[in-house]
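Inspection log for the structure reproduced underneath, given as C-alpha cells.
No lab work stands behind these numbers, since they all come straight from the coordinates. Only a predicted model underlies this, so the values are computations on that prediction, with no experimental measurement involved. Here the Cβ positions follow ideal geometry from the backbone for every residue, glycine too, while neighbour counts run over all protein chains shown.
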Amino acid sequence: MQQIEQLFQFMTEHNLEEFEYSRGDLHIRLRKPSPGLVLAGQRAVAAPEIIVANPGSAAPAIEEVSASAPAAASEARLTEDLHLVKSPIVGTFYGSPSPGAGPFVKVGAFVETGQTLCIVEAMKLMNEIEADETGEIVRIFAENGQPVEYGQPLFGIRPSRKK
C-alpha cells in the first residue's frame, strides 16, 4: 500500500492523470477521477481509482485512496466554462467507428454542432453521440471500450464565441 501511495505522489508531482503497469500476471492502473464529476458545493478531493487485476480472480479488486490535491481544485475550475456532452444512455463507449479506424475526434479538434463524437453501444445497438455545441474538444472523459453511465460526461467542449 505504501508503494501505491508513493506512485500516487509521483503522479501528483508530475501532473499525471493516469499510470499503468503490467508485469506477468500483475496489472495495476492508477487513475485520478474526472473533475467534471465533482458536484456543486463539494470540496475537490482527488481520490484515485486503483485497479489491481490478476487473471485468476473473477473480478478486479478496486480500492480507493483519498488524498487532497490542489491541482484537482484548479482543474475543476478550468472545466467550469466547458460545455459537457453527457451520455444519454448506459452502454459501452467507442471513440472510433471500428476497431482499426482512427478516432472520431481528438483533444484539440474543432467540432460543429451535429458532428459525430463517439458511439455508445447499448444492447447491440450502436448509438452515435453528436456534438450539441460548436467549439474545441478540450477533454475526453471516457476511455475506449469502457462502460459509461447515463448522464456521465463524455466530452468537454470549449464553445466558440459567436461573432
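Calculate, in nm to one decimal, what Q9 and I89 gain on full extension: separation in residues at 0.36 nm each, minus their alpha carbon distance.
Once the chain is fully extended between Q9 and I89, it gains 25.3 nm.
Can you pull out the GluC sites (Glu not before Pro) in the range 133-163 that DSSP calls coil and that have at most 13 other Cβ atoms within 10 Å?
Qualifying residues, ordered by number: E143, E149.
I want to make sure I understand the PRE zone here: with the label point 7 angstrom from the Cα of N127 toward its beta carbon, which residues in the range 87-102 have backbone N atoms less than 17 Å away?
87-96
Once amide H atoms are built 1.01 Å from N in the peptide plane, which residues 5 or more positions from K86, or in another chain, come under 5 Å H to H?
L154
Roughly speaking, what is the stretch gain from M1 to F19, that is 0.36 nm per residue apart minus the C-alpha to C-alpha distance, in nm to one decimal?
The M1-F19 span can extend by a further 4.9 nm.
Quick query: amide H of S160 versus all other amide H atoms, modeled in the peptide plane; which residues come in under 5 Å with a sequence gap of 5 or more or a different chain?
Amide H to amide H, under 5 Å and 5 or more residues apart or across chains, S160 pairs with T134, G135, E136.
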